[in-house]
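Chemist: Before we start, here is the structure in question, set down as C-alpha cells.
Please treat every number below as a calculation from the coordinates, not as lab data. Everything quoted here is computed from the prediction, not taken from an experiment. Please note: Cβ atoms are built from the backbone with ideal geometry, for glycine as well, and neighbour counts cover all protein chains shown.
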Amino acid sequence: MPRGDGTGPTGQGPGTGRGMGVGAGRGRMGGPRAAGPGGNCVCPNCRAVAPHQRGVPCYQQACPKCGAKMSRQ
C-alpha cells in the first residue's frame, strides 16, 4: 500500500493469506481447541486426580493432598 490508504493491489493485504478461514484459528487458551467442561485436574507433584470444576481453571485449584496448583489432564 504505497499511500497507506488501503488502495493497494487486490489480494495482497492482511487477512488474505492461507489459514484464515472459519474455524481455522486456535483455541482460547492457545491450544488446538478448548478442553471443554469435563475432564480431570491432576497434581504435577503427587499425581492426585480431582474432577475439573466448570468455570474454574485447573491452575487455580489447589491439590487436595499437597496444596500445589493443579494442571489439566
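Chemist: Net charge near N45, counting Lys/Arg +1 and Asp/Glu -1 over other residues with Cβ under 14 Å of its Cβ?
Modeler: Neighbour charge sum, excluding N45 itself: +3.
Chemist: I've got another one for you. Would you kindly state how much longer the chain becomes between Q53 and K65 on full extension, computed as 0.36 nm times their sequence separation minus their alpha carbon distance, in nm to one decimal?
Modeler: So the chain would gain 2.6 nm between Q53 and K65.
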